[in-house]
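Engineer: First the structure, then my questions, so here it is.
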Amino acid sequence: MDYTTEDKIIANERSIAGGDVGDVSCFYPMIQFGYNGFSGAIHGVDFKIEDTYKAFVEPAKIVCGCIVDLLEKPALIEQIKASHHSMDKEVYKGIFTRKIN
């Protein structure tokens, strides 16, 4: 699926935004993609939908296309698993134990 060019993909981006994606990605391969079609500040009173196609249809096409790719090419799943470096669950738990104590 070709929705963008390689130069527009930001790999290993760091963000101050919080969410479960970061925690889950410690243990499982994860992808988070951004999309547009909105204006205003995220979670702000001025946030509004500007383009429903870009906001809803394009992201749905990307997700569905990824699913099709993975179903048609199971080897992709194995490549993804092989490239993911999972954190040890005890190490993960230890991070929170140190902060609490």
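The values are calculated or read from the model by the stated rules, or taken from the named source; none is laboratory data. Here the structure is a predicted model, which means the values were calculated and not measured. No Cβ is skipped: glycine too gets one built from the backbone with ideal geometry, and neighbour counts run over all protein chains shown.
Engineer: If you take the residues in the range 76-101 that are in a helix (DSSP H, G or I) and charged (D, E, K, R), which one is nearest to residue 12 (Cα to Cα)?
Structural biologist: Only one residue fits best here, namely 81.
Engineer: Could you count how many residues in the range 24-67 are within 13 Å of the chain's Cα centre (by Cα), free of Cβ contacts under 8 Å to residues at least 60 places away in the same chain and more than 19 Å from residue 5 (Cα to Cα)?
Structural biologist: Final tally of qualifying residues: 5.
Engineer: Do we have residue 59 as surrounded by 12 or more Cβ atoms within 10 Å (Cβ to Cβ), at pLDDT 85 or above and assigned to a loop (DSSP other than H, G, I, E, B) here?
Structural biologist: no
Engineer: Identify all residues within the range 33-42 that are more than 23 Å from residue 64 (Cα to Cα) and either of a type in the set (Asp, Glu) or loosely packed, with under 11 Cβ neighbours inside 10 Å (or both); write none if there are none.
Structural biologist: Within the range 33-42, 41, 42 qualify.
Engineer: For the range 12-22, check the following and say yes or no: at least one residue is assigned to a loop (DSSP other than H, G, I, E, B), of a type in the set (D, E, K, R) and modelled with pLDDT under 80.
Structural biologist: Looking through the range 12-22, at least one residue is assigned to a loop (DSSP other than H, G, I, E, B), of a type in the set (D, E, K, R) and modelled with pLDDT under 80.
Engineer: Can you spot a residue in the range 65-75 that is assigned to a helix (DSSP H, G or I), closer than 17 Å to residue 33 by Cβ and in contact with a helix residue (DSSP H, G or I) (Cβ under 6 Å, 6 or more places away or on another chain)?
Structural biologist: Yes, because at least one residue in the range 65-75 is assigned to a helix (DSSP H, G or I), closer than 17 Å to residue 33 by Cβ and in contact with a helix residue (DSSP H, G or I) (Cβ under 6 Å, 6 or more places away or on another chain).
Engineer: Residue by residue through the range 68-101, note down the ones that are under 21 Å from residue 3 (Cβ atoms) and over 20 Å from the mean Cα position of the chain (by Cα).
Structural biologist: 72, 73
Engineer: Additional query: At positive phi and at pLDDT 85 or above: does that describe residue 84?
Structural biologist: In short, no.
Engineer: Mind listing just one residue for me: the one in the range 43-55 that is out of contact with any strand residue (DSSP E or B) (no Cβ under 8 Å at 6 or more places or on another chain) and in a helix (DSSP H, G or I) and, of those, surrounded by the most Cβ atoms within 10 Å (Cβ to Cβ)?
Structural biologist: Looking at residues that are out of contact with any strand residue (DSSP E or B) (no Cβ under 8 Å at 6 or more places or on another chain) and in a helix (DSSP H, G or I), I get 54.
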